[in-house]
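What follows is one structure encoded as C-alpha cells, with my remarks underneath.
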Amino acid sequence: MVRPIAALSALLLLALAGRAHGQERYFQEGRTDTISFNVDRERNTQQRILIASLFGGAVVFGGVGLLFHIDSKNKADEVSTDSGRHTGRIYTEELDDTRSAAIRSRNFAIASYALVTGAEAVRVGRKLGISAIPTVWKMFPVLHVSHAAGFWSGLAQYLRKPDWRDEPERIPAEKPILRAV
C-alpha cells in the first residue's frame, strides 16, 4: 500500500514541477539591464567556527538519525514480507527480538529528531513568548518536508528538461571610458 502511494506522490510532484510559472532567466539575450551585486566582508574567526560547528552538528545528528532509520528498515525487512503472503517462517523469540529492535531504532530516530527540533523551537520561540514554542516546533517538519519536496521536484524538472547550456553564458565586458582630468 505504501509503494503505490509513494509512486502516486512522485508522479504528482513531477506534474506540478513542470507547471511552474514566472520563471525568468537572468541573462536573456538582448537584455541591457545593469547587473549589480554586493561583495560581503570576509568572515572573522568566530563566525567561521560557528558555521563549522553548525555544519558538524547537522552532520552528526543527521548521520545518527540516518543510521537509526537504516537499522530500523533492515530489521523490519527481516521480519516482514513485501508480497503479503505467508512466508512459512515460524515466529520465534529471535524474530520477535529483531522486531523489537526495529521498533526501538525507529523510536530513537523519531526521538532524536523531536529533541533537536524541540531544542531549536525553545531557542527561537522564547523570544516570542512561551506560548509560541509549540507553534514554532510544528513548523520544523513542515519546513523540512516542503524543502525536500521542492528540492526533489526541481531536480526532477532539471533532469527531465535541463535549461543549462554546454557553454557557460558570458557577459560581455563594458568598454572602459577614458576621460581627461
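Observations, loosely collected:
- Given (1) over 27 Å from residue 59 (Cα atoms); (2) modelled with pLDDT of 85 or more; (3) among the polar types (S, T, N, Q), number of the condition residue 81 does not satisfy: (2)
- When residue 127 is tested against (1) assigned to a helix (DSSP H, G or I); (2) more than 19 Å from residue 79 (Cα to Cα), only condition (1) is not met.
- Residues of the range 39-49 that turn out to be part of a loop (DSSP other than H, G, I, E, B) and either surrounded by 11 or more Cβ atoms within 10 Å (Cβ to Cβ) or of a type in the set (Phe, Trp, Tyr) (or both), as a count: 1
- Residue in the range 158-166 that is in a helix (DSSP H, G or I) and without any contact (Cβ under 8 Å) to a residue 60 or more places away in the chain present: yes
- Residue satisfying condition, being without any contact (Cβ under 8 Å) to a residue 12 or more places away in the chain and either at positive phi or surrounded by 10 or more Cβ atoms within 10 Å (Cβ to Cβ) (or both), within set 101, 119: 119
- Within the range 50-78, residues that are exposed (fewer than 15 other Cβ atoms within 10 Å of the Cβ) and of a type in the set (Gly, Ala, Ser) reach partners that are at pLDDT 85 or above and in a helix (DSSP H, G or I) with beta carbons closer than 9 Å, at six or more positions or on different chains, in the pairs 57/116.
The values are calculated or read from the model by the stated rules, or taken from the named source; none is laboratory data. The structure displayed is predicted, hence computed values, not measured ones. Glycine gets a Cβ as well: all are built from the backbone with ideal geometry, and neighbour counts include every protein chain shown.
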